[in-house]
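J.: Sending over a structure as structure tokens; questions will come in a sec.
The values are calculated or read from the model by the stated rules, or taken from the named source; none is laboratory data. Please read these numbers as outputs of a predicted model, since none were measured by experiment. With ideal geometry, Cβ positions are generated from the backbone for all residues, glycine too; neighbour counts draw on all protein chains shown. Each accessible area value is taken on the protein alone, full model and side chains, heavy atoms only, with ligands, DNA and RNA left out. Shrake-Rupley method; radii C 1.70, N 1.55, O 1.52, S 1.80 Å.
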Amino acid sequence: MTEERPMLDVKNLSVRYRGTDTPAVRDVSFTLGRERLGIVGESGSGKSTVGRALLKLLPTAELTADRMRFEEVDLLTAPERKMLELRGQRMSMILQDPKFSLNPIQRCGLQIAEAYRTHVRCSKGEARAKAIEMLSAVQIRDPERVFDLYPHEVSGGMGQRIMIAMMLLADPGLVIADEPTSALDVTVRLKVLRILDGLVREKGIGLIMISHDLSLVRSFCDRVLIMYAGRVVETLAARDLDNARHPYTQGLLAAQPRIGGSRDELPVLERKDSWLEPAEERP
Amino acid sequence: MTLNRQHMRGALGQGASILVTLFGLLILTFVIGRIMPTDPVRAIVGEDATQEVYMNVYQELGLDKPMWQQFFLYLRDLATGDFGTSIRTGKPVIQDILHALPATIELATFAIIIGACLGVPLGVMAAVKKDRWQDHVIRVFSLMGHSMPIFWTGMIGLLVFYASLGWVGGSGRMSQFYIGMVPDRTGFLLIDSAVAGQWDVFRSALRHIILPAALLGYSSSAYITRMTRSFMLDQINQEYVTTARVKGLSQRQTIWRHAFANIRVQLVTIVALAYGALLEGAVLIETVFAWPGFGQYLTSSLRIGDMNAVMTCVLIVGLIFITLNIISDILYRVFDPRTR
Amino acid sequence: MTMLDDTSGQTSAPRQTPQALIAARNIAVFLAKAPPSAFGLIVLAVLILSALFAPLLATHDPYVQDLQNTLQAPSAAHFFGTDELGRDIYSRLLYGSRITLTIIGLVSIVVGPIGLFVGTVAGYFGGKVDIVLMRLTDIFLSFPSLILSLAFVAALGPSLNNAIVAISLTAWPPIARLARAETLTFRQADYIAAARLQGASATRIIWRSIVPMCMPSVLIRLTLNMATVILTAAGLGFLGLGAQPPLPEWGAMIATGRRYMIDSWWLVTFPGLAILSVSLAFNLLGDGLRDALDPKQMNRR
């Protein structure tokens, strides 16, 4: 037992969507303190499902686990009412593409303010002030103007910053970022990530960053989970990524193009069924 | 700037297509009028007029001219507001129709309110409970409304709710007793009687309108329910709905504040179209309920082959349909921030 | 190049058949699984059987009057009672199913080809042809079908045949719209290009390659429209503009029964139930089919 109880403790989480035979996620275990954890895998590996399962946002799926605890709350048995309290206030999630994840017919500012008003009893004016304050915290220059814009009137990068503002407004303890930058232009990715990273550090938020981008995870996370076909195949510290032992992780690393690297064809990722055996626990 | 020009071009194109549809409508009514078996000359001169009188009228009506000239004569008459005279009533057709229309509009409006109040919540519920028993029950219920022959349901309704239970008024817009008591201001009986402060009449009118309107509304709710369900299903799986859930909104708040808010514009369009379709049911139900409206005027004219009346009725219905389409289009543009 | 396209056209065409079969089986399985659709199928089966075996199932001659026995309530002798001329309502309903089936059948035979022709030609040629044909379709669509049929019947004179003609005239536009949409998706396909390169005429391409591809969706759409057709036909009959007495058409039966409705409820109740259940059956079946296939495309009118 560690001295400090981890904020999030998941043991053998499995998720199976109704109407399918094979579970999308199988026996995933990890813990999270006030740190930044990356979950990496190719599409379909179940990494997004893990994120949504933590918030219990999968109405058509069956969740089983030995343990799924967030701070003092047992997520497995928590009733929907408890989850409503948790979501947005203590746990939140940044979704992938602001083009789809913002309500197209509601002004951006109102959507942010709604996140606040859901959990804090306050007047419209207070919520507005809070939202504008948050918009400037995500480095939006003219927050008053942006407050009144519709989502189709803002750029992708700004949309995602609005999303971040909305999700960090209530000072949650845990934020899940589900591919937060993959829908954005390469040029603004880093900026958005820096803003997110700055806020997470400043407020001491636990972050789960779900991504397919190894180099991104390497530079913004402390620890990395590698997922393959619904299982965690390897867990290691971000700085140790180059020493990964699992052949799948090695494959992922090798398949990355590198500036100044060799110009030969990149190796094709290898897949073996034997990886689907339960992963050995790392010491 | 380019956006504006695009809008302009869209509006122009739409205007042109409306004009073409209108022209087609006129051709259609003209053709229907010409192939009708009744002899318009006989209708005017009577059975025992001489050949000479007959031919005079024949020429007066322009029936000796080629078809295309007759068509332009028809257009000219319409342009000057001359829709012809009804054989049956002897009055200008347009006057008859304008007199009958308020009764139908009153009935149809009452019905669409019932239909929307029934159809929209049911559609939302069916979408939320997709494939569960609620969905199936709602589906059968609304298809039932869509499948019933409305003239028959009207009779059964009269039999049960009027003859047996006495809950509602019988046929007509109000009890015989009250007819002529309310000054005709707008033609909408509920409004007129309320304005005149004659609450007895108002109550009677309400008792008479409720059954036909409820039946019409139920039958139109089928379409509204189905479309609401399908629109909602499109929205429920959108990411922004997940966002709302992540924010901590309950399922009900998510559905109504976010998903439903996004289909409101589409629903307006659907309700406008359903309103047009109601007119069809109104023709039949007015016959059953002896409702002195447009539908009854049309069917009575049809039975005796009153050409001018039938042509104008068809034209008016077409115009109403085109207008509803334009209105729903405009509403779409006004209410959806993305099309502004 | 031509050879390549040619072979791809050759191989993809025969591959369609098993796929269609699989689709048909999937649809059947789906329908059986959904109870409402299954109910629809059963009612339709009953309708067809009663039309086929009407002479065997009927207890009386539907046209023979028995003035001693007018307006009899339902009993063992007359299951659904007798009408104002003493005719057996049950037997009349059975024979009426023949009229209903005739209307459905004839309307489909007229509407299907017209809709297919207009739609495929508009879709295949595009451009001005498309604009003109679709404008025409829109004009017809801008009317509620019952009112347009009413006007046509009034013009042609009231009779069953004219009612069928009038209904057909108003029922083809949705089919044409659908066929056009389907054609647009096939028009660019490789095997159409291959046929064109081989020098096949437009008529041949439309008839041999496009029409067969549009058939399944058009047939389903026809099924969906049947409920409307039945209601319109009954409405016309009710207004005295469709089938004429003494034909046992359900809508007309309700119209004559209306006068005796207060004292003899069975005169209008049973024909109405017959109309309701058949049109409900088509609606349930159509709804099931709509779900079984692409729901989005079929939802559009």
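J.: Would the stretch B:46-56 turn up any residue that is polar (S, T, N, Q) and in contact with a Gly (Cβ under 8 Å, 6 or more places away or on another chain)?
T.: The answer is no, given that none of the residues of the stretch B:46-56 is polar (S, T, N, Q) and in contact with a Gly (Cβ under 8 Å, 6 or more places away or on another chain).
J.: Which of the residues spanning the stretch A:205-248 are farther than 18 Å from residue A:45 by Cα, part of a helix (DSSP H, G or I) and open to solvent by less than 10 Å² (accessible area, probe 1.4 Å)?
T.: A:238, A:241
J.: Let me ask you something else. Determine which member of the set B:60, B:52, B:106 is more than 14 Å from chain C (Cβ to nearest Cβ) and either surrounded by 15 or more Cβ atoms within 10 Å (Cβ to Cβ) or within 26 Å of the chain's Cα centre (by Cα) (or both).
T.: Only one candidate passes the filter, namely B:106.
J.: For residue C:97, are the conditions met, namely being open to solvent by less than 80 Å² (accessible area, probe 1.4 Å), touching an Asp or Glu at 6+ places or on another chain (Cβ under 9 Å) and touching a residue at least 24 places away in the same chain (Cβ under 8 Å)? Spell out how you get there, then give the answer.
T.: Numbers: open to solvent by less than 80 Å² (accessible area, probe 1.4 Å): yes; touching an Asp or Glu at 6+ places or on another chain (Cβ under 9 Å): no; touching a residue at least 24 places away in the same chain (Cβ under 8 Å): yes.
No: the conditions fail for residue C:97.
J.: In the set B:254, B:225, B:269, which member is open to solvent by less than 40 Å² (accessible area, probe 1.4 Å) and either outside the structural domain of residue B:327 (by TED's automatic domain parsing) or without any contact (Cβ under 8 Å) to a residue 24 or more places away in the chain (or both)?
T.: B:254
J.: Moving on. Only one residue in B:228, B:254 is more than 7 Å from every other protein chain (Cβ to nearest Cβ) and touching a Lys or Arg at 6+ places or on another chain (Cβ under 6 Å), so which one is that?
T.: Matching residue, one of B:228, B:254: B:254.
J.: Exactly one condition in (1) in contact with a helix residue (DSSP H, G or I) (Cβ under 8 Å, 6 or more places away or on another chain); (2) within 14 Å of chain A (Cβ to nearest Cβ) is not met by residue B:218; state its number.
T.: That leaves (2) as the condition not met.
J.: Being in a helix (DSSP H, G or I) and either on the phi > 0 side of the Ramachandran plot or of a type in the set (A, V, I, L, M) (or both): is that true of residue C:241 here?
T.: Numbers: in a helix (DSSP H, G or I): no; either on the phi > 0 side of the Ramachandran plot or of a type in the set (A, V, I, L, M) (or both): yes.
Considered against the rule, which asks whether it is in a helix (DSSP H, G or I) and either on the phi > 0 side of the Ramachandran plot or of a type in the set (A, V, I, L, M) (or both), residue C:241 comes out as no.
J.: Based on what the data block shows, is residue C:72 polar (S, T, N, Q), assigned to a helix (DSSP H, G or I), open to solvent by 50 Å² or more (accessible area, probe 1.4 Å) and over 26 Å from residue C:216 (Cβ atoms)?
T.: Judged against the criteria, residue C:72 is not a match.
J.: Quick check on my filter: what residues within the stretch A:15-62 are of a type in the set (S, T, N, Q) and open to solvent by 20 Å² or more (accessible area, probe 1.4 Å)? Let's see the steps before the verdict.
T.: Step one: of the stretch A:15-62, the residues of a type in the set (S, T, N, Q) are A:20, A:22, A:29, A:31, A:43, A:45, A:48-49, A:60.
A:20, A:22, A:29, A:31, A:43, A:48, A:60 - these are the residues of the stretch A:15-62 that are of a type in the set (S, T, N, Q) and open to solvent by 20 Å² or more (accessible area, probe 1.4 Å).
J.: Now a separate question. Among C:236, C:231, C:197, C:241, which is open to solvent by 40 Å² or more (accessible area, probe 1.4 Å) and in contact with a helix residue (DSSP H, G or I) (Cβ under 8 Å, 6 or more places away or on another chain)? Give the derivation first.
T.: Values: C:236 fails: open to solvent by 40 Å² or more (accessible area, probe 1.4 Å); C:231 fails: open to solvent by 40 Å² or more (accessible area, probe 1.4 Å); C:241 fails: open to solvent by 40 Å² or more (accessible area, probe 1.4 Å).
Just a single option satisfies the conditions, and that option is C:197.
J.: Here's a check for you: in the stretch C:263-301, which residue that is aliphatic (A, V, I, L, M) and over 14 Å from residue C:40 (Cα atoms) is modelled with the highest pLDDT?
T.: Filtering the stretch C:263-301 down to residues aliphatic (A, V, I, L, M) leaves C:267-268, C:273-276, C:278, C:280-281, C:284-285, C:289, C:292-293, C:298.
So of that shortlist, the ones also over 14 Å from residue C:40 (Cα atoms) come out as C:267-268, C:273, C:292-293, C:298.
Working: C:267: 90, C:268: 91, C:273: 95, C:292: 68, C:293: 65, C:298: 38.
Across the stretch C:263-301, the extreme among qualifying residues is C:273.
J.: Conditions first: (1) open to solvent by 10 Å² or more (accessible area, probe 1.4 Å); (2) assigned to a helix (DSSP H, G or I). Residue A:115 passes all but one, so which condition is the exception?
T.: Against the list (1) open to solvent by 10 Å² or more (accessible area, probe 1.4 Å); (2) assigned to a helix (DSSP H, G or I), residue A:115 comes up short only on (1).
J.: Across the stretch B:153-186, what is the number of residues that are surrounded by fewer than 17 Cβ atoms within 10 Å (Cβ to Cβ) and not in a loop (DSSP other than H, G, I, E, B)?
T.: Looking only at that region, the number is 6.
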